[in-house]
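First comes the structure, then the notes that go with it.
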Amino acid sequence: MSIINFIEKYRKSKRTLFTTPSHGQGDFVAPQTLKLLGHKYFSCDYSEIEGFDNLSHPSGIIKAAQDAAARIYEAKSTFFLVNGSTSGIVAAMLALLSRGEKVLIARNCHKCVYNGLVLTGALPIWLLPKYNRDWGIFESVNIDYLEEILARNKDVKAFIMTNPTYEGAMSDVYRISAVCRKYNVLLIVDEAHGALWNFNKSLGTPSLAQGADIVVQSLHKTAGALNPSALLHISKESTVNPQMIQQALNLITTSSPSYPILVNIESTINYLNSSKGKMAAYDTVKNVNRFIRSIKTIPNLDVYSYNNDVTKILVKVTNMSGFELSDILYDNYGIEDELANEKSVLFLTGMGTTKSKLKKLEKALFDLTSNNIKIYQNSYETDRHFVPVEPRVRYIPALMWGKPSREVELKYALSRICNEVIVQYPPGAPILLPGEVIRKEHIDYLQSTNRQKIRVFV
């Protein structure tokens, strides 16, 4: 029986509960919450009471739902994540890495890898993917560079990478996984933004099908689920032990998981896997492609379209910074983008992206590049852009945790040891992490953002 069917049947039993959650399935809801959300969300919010399953040790309806998902994704095991992809990445690191073991990490990975490094005590080796200065984004992982690093560090235990990137750039995971197998390295792929790939292969090939050992996906990014619905998959061919992943998840996941989120994870997967859901995903991609073809005709506007997932629409306008474009769209047209940098603006699309939304954005882009909106050349600072540099790791994050620190003015920070997490968010890729040497490039960038101080190790 599915989770949703079980809850529907349980509700009809009308049992009297003296258990958590104390709202009593909607018998009490704070007035403002009730006005905003209504009763229905609360009516399916249960704790792990008699008859319900336990996410920490699934043996009933949750296990059945996860097993069904594993068959859909062609995985050895699939785990439902109620704490988002962050919990999946951290759990994978906890399951595979021990203190002092080397882990290779692409520098454009989400900041949650820092959490995993603190908890595992692993030694990070950083790989800097190709960087596109014209667009201000990381692109694909250079496979020759990857092999060069692994050849120099033959004791690396795992490689963590992002595919697709936040902005949609894709790497050749098939060749990357082959290199990892050659050096006996486990491959963990953060595929948070590729959750639709299994249901529309025109977007990209799922990393699990390309040889990755562990893949983490965010259903809320493009697949239309609630925040923070996510999945962790283990490949059928991988040596990774599912029990180790379960134990790691139990360390960091709440003991009171949200049944509304579990229901939403299950029902989202089942819908997308149905003929109706696949058609809806097909229509979504078709509408986005039609939109991209249209805006490509706009003078002075360019769309990033090199080896990328089209659900991430990255645009730039001649003589206009991404920050300025973002502000004009927000102030003049009521349109909010996902990310802006010095060069470009990112619009995320997914199952909830309607034709009307795309039409509104299309009209705005045509309008602002016409004579109706004046383009102010160089009206924004042009140095608010950080070009990534190779990190110099002096101490691993686990050793820096809890160490004394103090704030110093940036002008006195050169060559000091950083003791705070500094990221560009979104996309959440680290600029500086605790234990890394502060370089001139870091100081120049931070000063351009009007920051005055930084926390350093003392």
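Any read-out appearing in this document is the output of simple, stated calculations on the displayed coordinates, not a laboratory observation. Keep in mind the model is a prediction, meaning the values are calculated, not measured. Positions of Cβ are generated from backbone atoms using ideal geometry, with glycine treated the same way; all protein chains shown enter the neighbour counts.
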Simple spin-label estimate for residue 175/residue 319, 7 Å along Cα→Cβ, in nm, reads 4.0 nm
Give me 268, 78, 16 ranked fewest to most by other Cβ atoms within 10 Å of their Cβ, as a rough exposure proxy.
16, 268, 78
For a quick check: sort 135, 401, 126, 197 by the number of other beta carbons within 10 angstrom, fewest at the front.
401, 126, 135, 197
Rounded FRET efficiency, nearest 0.05, which uses the C-beta distance separating residue 296 from residue 256 and R0 of 35 Å:
0.10
Less than 18 Å from a label point 7 Å out along the Cα-to-Cβ axis of residue 356: which backbone N atoms in region 273-289 qualify, by residue?
284, 287-288
Taking only DSSP H segments of four or more residues, each worth -39500 (n - 2.57), what value at 222 nm results for the chain once the sum is divided by all its residues, to the nearest 500 deg cm²/dmol?
-10500 deg cm²/dmol
Any idea what the relative contact order of region 95-186 is, in percent, if you count C-alpha pairs under 8 Å spaced at least 6 apart?
32 percent
Quick one: Karplus J couplings for region 117-128, per residue in order, coefficients 6.51, -1.76, 1.60, θ = phi - 60°, nearest Hz, x for Gly and Pro?
5, 5, 6, 8, x, 6, 9, x, 10, 9, 10, 9
Can you work out D for region 173-323 in µm² s⁻¹ from Stokes-Einstein, where Rh is the Kirkwood radius over C-alpha pairs, the temperature is 20 °C and the viscosity is 1.002 mPa s?
121 µm²/s
Local charge sum around residue 214 (other residues, Cβ-Cβ under 15 Å, Lys/Arg +1, Asp/Glu -1)?
-1
Can you list the residues, at least 5 places off or on another chain, whose amide H is less than 5 Å from the amide H of residue 453, using H built in the peptide plane?
410
If you average the sequence gap of Cα pairs under 8 Å that are 6 or more apart and divide by the length of the chain, what percent do you get for the contact order?
15 percent
Cβ-Cβ FRET estimate between residue 331 and residue 239, R0 fixed at 41 Å, reported to 0.05:
0.15
A correct Karplus calculation of ³J(HN,Hα) over region 42-54, with 6.51 cos²θ - 1.76 cosθ + 1.60, θ = phi - 60°, whole Hz and x for Gly and Pro, returns 6, 5, 10, 9, 10, 9, 7, 8, 3, x, 7, 8, 10
Check residue 186: other-chain or 5+ apart residues with amide H under 5 Å from its amide H, H built from backbone geometry?
158, 159
Order of 103, 423 under a 10 Å beta carbon neighbour criterion, fewest first
423, 103
Dipole of the chain, Cα-centred, from +1 at each Lys and Arg C-beta and -1 at each Asp and Glu C-beta, to the nearest 20 debye?
340 debye
Using amide H atoms built in the peptide plane, which far-off residues or other-chain residues are under 5 Å from residue 431 H to H?
422, 423, 424
Region 41-145: relative contact order from alpha carbon pairs under 8 Å, six or more residues apart, as a whole percent, is 16 percent
Say R0 is 45 Å: what FRET efficiency, to the nearest 0.05, do residue 393 and residue 278 get from their beta-carbon distance?
0.50
With the radius of gyration and the Kirkwood radius both derived from the Cα set of the chain, what is their ratio Rg to Rh?
0.98
Among 70, 412, 239, the residue whose Cα sits farthest towards the positive end of the charge dipole of the chain, when +1 is placed on the Cβ of each Lys and Arg and -1 on the Cβ of each Asp and Glu, is 70
What ranking, highest mean first, results for peptides 93-100, 450-457 when packing means the other Cβ atoms within 10 Å averaged over each residue?
93-100, 450-457
